[in-house]
1. Students sometimes get this wrong: rank Ser207, Ser138 by accessible area, probe 1.4 Å, all chains present, largest first.
2. Taking all protein chains together and a probe of 1.4 Å, list Arg388, Arg223, Arg164 from the most accessible to the least accessible.
3. Let me check I've understood the local charge: for Gly359, count other residues with C-beta under 12 angstrom from its C-beta, Lys and Arg +1, Asp and Glu -1. What total comes out?
4. At 1.4 Å probe size, with no ligands or nucleic acids counted, give the accessible surface of Leu311 in Å², nearest ten.
5. If you average the alpha carbon positions of region 305-360 and of region 148-219, how far apart do those two centres end up, in angstrom?
6. Want the number for Arg360 to Ser294: 0.36 nm per residue separation, take away the alpha-carbon distance, what's left?
7. Among rounded, prolate and oblate, which fits region 142-213 when a ≥ b ≥ c are the square roots of the eigenvalues of its C-alpha gyration tensor, a/c under 1.5 means rounded, and a/b larger than b/c means prolate?
8. Only Lys, Arg, Asp and Glu count, each charged at its Cβ (+1, +1, -1, -1), so figure out the dipole size of region 199-355 about its Cα centre, rounded to 20 debye.
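The values are calculated or read from the model by the stated rules, or taken from the named source; none is laboratory data. Computed from a predicted model, the values in this text were never measured in an experiment. Using ideal geometry, Cβ is built from the backbone for each residue, glycine included, and neighbour counts are taken over all protein chains shown. Keep in mind that these areas ignore ligands, DNA and RNA; they rest on the heavy atoms of the full protein, side chains included. Shrake-Rupley method; radii C 1.70, N 1.55, O 1.52, S 1.80 Å.
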Amino acid sequence: ITVCWLTPNIISEPTPEAMGGYLSAEDDPSPHAPDQPKSTSSSAQGPQAADEEVRNEAESTSSSAQDEEECELPPKKCSFQVVSRNSKDHSSSYYAGSGKGAEEGAIHCKGFQTRQDLTLAARGLLIATVGLPGRGKSFIARKLEGFLKWQCMNTRTFNAGKYRREAEGASQSGRADFFDTKNAAAAAARQNAAMRALDDAMAFLESDGDVAIFDATNSTDERRESIANRVKEAGTNYRVLFLEVICDDPEVLDTNFRNKVKHSPDFGGLSMEEALLDLALRVKKYEEAYETISDDSLSYIKLYNMSSKVLVNRIYGSVSKSIMPYLMGIHIGTRPIWLVRAGEVPPGEKKDANLTQNGRIFAANLADFVSERTMEFYGGTPSEKPVRVLSSTSV
């Protein structure tokens, strides 16, 4: 492939010297061979030589015009540099950032082909959560569903726990002994509930869904392999992404546990202390069989302690540009945010105008309002952090 670098501000015809020595003899566009002298004067050769020289120049001009028409480069309007593939001096192109590395076979390697496959637009995406109970999987699934819907993607969450409660009842299937791996009947019931949720998720994708979120523990390699195979059976236009939520921060876990037992139907009729104890026993039984994701042939995202650390594998395309940044911004903290109209400015002012008297009064009242509400939010004590002001104009 011949590459031409165009420099419009140079109007002289390029020469090998101007091209930095890149133009070799075989690349020379001149109609004269480099070792063949040109005619020096028409008068020295006589009238016949002069006529022949004029004819040669006309043929050269015609040939040059034809070449320029084929290349669609305007003659003598710009200087262009031709880098010969046969040139032995590669240092300049190397330090300029040569892109020939991919030309020699890098684009045919297995890793690059994998990236191309994962970057292709998929007909549907299944996001399967992974993690122990009380880690925030359902919280993240609901947040992610709202975000994707906001992006106009048809998204739905399929919670395996809901299928379990509908089939077995919340009070019967919500206690810790139901999650004992030695309880074969309960294990089969949980497996059946999870597979029905997965089947509904795939049916949703096959109808008109864009993203299905399979909200379950999916805590073993065997379960994740069965999910990957189920998606593969649906066709090559479907992708599966595993989202593992890992948390070992005691304060975050305590907050998650209390929130879970407060709202989950599994703990109805139990006090807070009883519910927390039962949940702790459930987590312990899951930990006995839990296997973190270690198969790098899968596409997965690992979130540690609510996104304080993120690990990704085989993530490309729209997932990396939309879902990843959103997941990295999810947190369980609360803080006040105010959306405020700009203060009054003189009519007709367009940029960085000073506030009118009414605008100054509004700004003072706004400062008092924010100060009062901030004190209320922090329990009557001033915040140690200053209020951040984001404005579309200079402040």
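1. I get Ser207, Ser138, largest accessible area first.
2. On the way: Arg388 195, Arg223 45, Arg164 15 Å².
From most accessible down to least: Arg388, Arg223, Arg164.
3. Working: positive: Arg341, Arg360; negative: Glu344, Glu349.
Around Gly359, the charge tally is 0.
4. Surface open to solvent at Leu311 totals about 70 Å².
5. Comparing the Cα centres of region 305-360 and region 148-219, I get a distance of 34 Å.
6. In short, 17.8 nm is gained.
7. Values: a/c = 3.41, a/b = 2.25, b/c = 1.52.
Judged from the Cα gyration tensor, region 142-213 comes out prolate (a/c at least 1.5, a/b above b/c).
8. Details: 19 positive and 27 negative charges, 134 e Å.
Dipole of region 199-355, to the nearest 20 debye: 640 debye.
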